[in-house]
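Read through the structure below, which is laid out as structure tokens, and then see the notes.
The values are calculated or read from the model by the stated rules, or taken from the named source; none is laboratory data. This one's a predicted model, so the numbers in the text were calculated from it and none came from an experiment. Virtual Cβ from ideal backbone geometry, glycine too; neighbours counted across all protein chains shown. Please note that ligands, DNA and RNA were not included when accessible areas were found on the heavy atoms of the full protein model with its side chains. Shrake-Rupley method; radii C 1.70, N 1.55, O 1.52, S 1.80 Å.
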Amino acid sequence: MPVKTRIAPSPTGRFHIGTARTALFNYLYAKKSRGSFCIRIEDTDKERSKAEYETEILEGLAWLGLEADEFVRQSERVSRHAELLAGLIANDAAYISREPSKSDEGKTVEVVRLRNPGRSVTFHDEIRGDITFDTTELGDFVIARTTSDPIYHFAVVADDMDMGITHVIRGEDHISNTPRQILIQEALGAPRPAYAHLPLILDEKRAKMSKRSGQATAVMDYRAEGVLPEALNNYLALLGWNPGDDREFFSLAELCEAFSLERVQKSGGVWNRDKLFSVNQHWMRALDDETFAKAIGIDGVDSAMIRKAAPLVKERAHTFKEAREMLSTDLQCLFAEPILVRESLLRKELPDRAHLTAEALQKLTTLIAVLPEPTTPARAKEALMPYADREEEKGKGGRGAVLWALRYALSGQERSPDPFTLISLLGKEDALRRIDAALALIS
Ligand code: GLU
């Protein structure tokens, strides 16, 4: 039978990183086995389910590239659920029980209870081995709040059966639900799928990663921060699974090839934001400069310049948010004319500094004018450094003062890339114009 897996999120909250990892493992296992992967939105809890959460979950899955072969919305299957419930009642595997309502005091409701054979249930977990539960204590447990409103356990089993799900891969918080679901399966005469319960994602305190952990748990928050889907998939895969060698970087296609349930670990995976960001830096660097510049996504800014600055940004930024911050701080001078302050330009309080700075900038101007265009930072350095070094020998404030004046004239910023990089990025014409403006300010 071809493998068929599913991710079955309840749209009662934002798209959690734990759900994303469960979806990823289901996707990987299905693709590795040349099977299919389904999305089932479990939206039968009318009070807590919200359309905006469903939208976010589906957008998030699409963003991660976890495309489904089949899509099901549980709320559209209620008549089928009622039919299956009626069947169980008809053959006495379940019965209607009139009981006091929990929500409406004084009223009674007709719930449906399963006739529990009361025995121990053993199931095999692909990750944890055999697990046994005694189900006697569960008694004849409730499977529907009314004859047409089944509880979660019943809906999951009915849908997995009808969809032909062969492997249920989900979070380990569902282990204790499994025996109950197996009893329902047996009553329905449904085949038992293979089970694999994944370890939890933990925070630094080794508690289940939640809002209280003080870190973002929503996939879309990481997207907003400028994490690439390739990076999140790569990181999530290694949080609970290992390839058996020391490879660290996997594309989704490579994960599909390498994945196996045998290599899923039993213990929880500790969420490490820095690690995620360093994986992200790898995938950011893997983008060509054109794509990288587009992904930074700032409108109304010289996009050709962003492309030119891409290698510089790739060196330091771990996320696109950091990249955007660089463009509006250290690299701002690439996109806007510097506003120079005379005292900053003549920082070294040496006597006659104005005269010396003007002299140095003038000389540098002649050296820059003969540079080839475009020029590399190394070429610019080679051409200008000997002059700066000579100044050092003359003891007129030194090479530092010359380089400061040049860098400040070009950038108007306390912090920026070195002057040679600036000349190469700005181009000769722009660089010379900026130095002229600085000279005008001195005289
Ligand atoms: N809807 C359940 C949840 O969001 C998942 C059920 C399952 O995977 O069996 O936790």
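A few notes on this one:
- Restriction of the trypsin sites (Lys or Arg not before Pro) in region 42-90 to DSSP coil positions whose beta-carbon has at most 14 other beta-carbons within 10 angstrom yields 46, 48, 50.
- Note: relative contact order over the chain, using C-alpha pairs below 8 Å and six or more positions apart, is 12 percent.
- The mean accessible area for residues of the chain, using a 1.4 Å probe and ignoring ligands and nucleic acids, is 47 Å² per residue.
- Sorting 335, 320 by accessible area puts them as 335, 320; the probe is 1.4 Å, largest comes first, and only protein heavy atoms count.
- Candidate residues 162, 274, 43: accessible-area rank, largest first, probe 1.4 Å: 274, 162, 43
- Rg/Rh (Cα only; Kirkwood hydrodynamic radius) as it applies to region 95-231: 1.07
- Restricting region 1-62 to chymotrypsin sites (Phe, Trp or Tyr not before Pro) in coil, as DSSP defines it, with at most 10 other Cβ within 10 Å: none
- Using C-alpha pairs below 8 Å separated by at least 6 residues, the relative contact order for region 176-255 is 18 percent.
- For the chain, share of DSSP beta bridges that run antiparallel, in % to the nearest 5: 55
- Given charges at Cβ of Lys, Arg, Asp, Glu: the chain dipole, positive-most of 310, 222, 424: 424
- Selected from 441, 122, 358, residue furthest toward positive end of dipole (the chain; charges at beta carbon): 358
- Per residue, the convex hull spanned by the Cα atoms of the chain measures out at 194 cubic angstrom.
- Extension gain for residue 108 to residue 122 (0.36 nm times residue separation, less C-alpha to C-alpha distance): 1.5 nm.
- Of 326, 265, 412, farthest towards positive along the dipole that unit charges on Lys, Arg, Asp, Glu beta carbons give the chain: 412
- The loop-placed GluC sites (Glu not before Pro) in region 306-346, going by DSSP, include none that has at most 15 neighbouring Cβ atoms within 10 Å of its Cβ.
- Calculated FRET efficiency for the pair residue 245/residue 92, C-beta based, R₀ 45 Å, to 0.05: 0.20
- Placing +1 on the Cβ of every Lys and Arg and -1 on the Cβ of every Asp and Glu, with nothing else charged, gives region 77-216 a dipole about its Cα centre of roughly 340 debye.
- Extension gain, residue 145 back to residue 260 (0.36 nm per residue minus Cα-Cα distance, nm): 37.5 nm
- By DSSP, the beta bridges lying fully in region 37-138 are antiparallel in about 75 percent of cases.
- Extending 7 Å from the Cα toward the beta-carbon at both residue 418 and residue 369 defines two label points whose distance is 2.6 nm.
- On full extension, the segment bounded by residue 275 and residue 210 gains 21.6 nm, given 0.36 nm per residue less the C-alpha separation.
- Mean residue ellipticity at 222 nm, helices only, the chain: -14500 deg cm²/dmol; runs of at least 4 DSSP H residues each add -39,500 (n - 2.57), and the sum is divided by the number of residues.
- Dipole moment magnitude, nearest 20 debye, the chain about Cα centre, only Lys, Arg, Asp, Glu C-beta charged: 660
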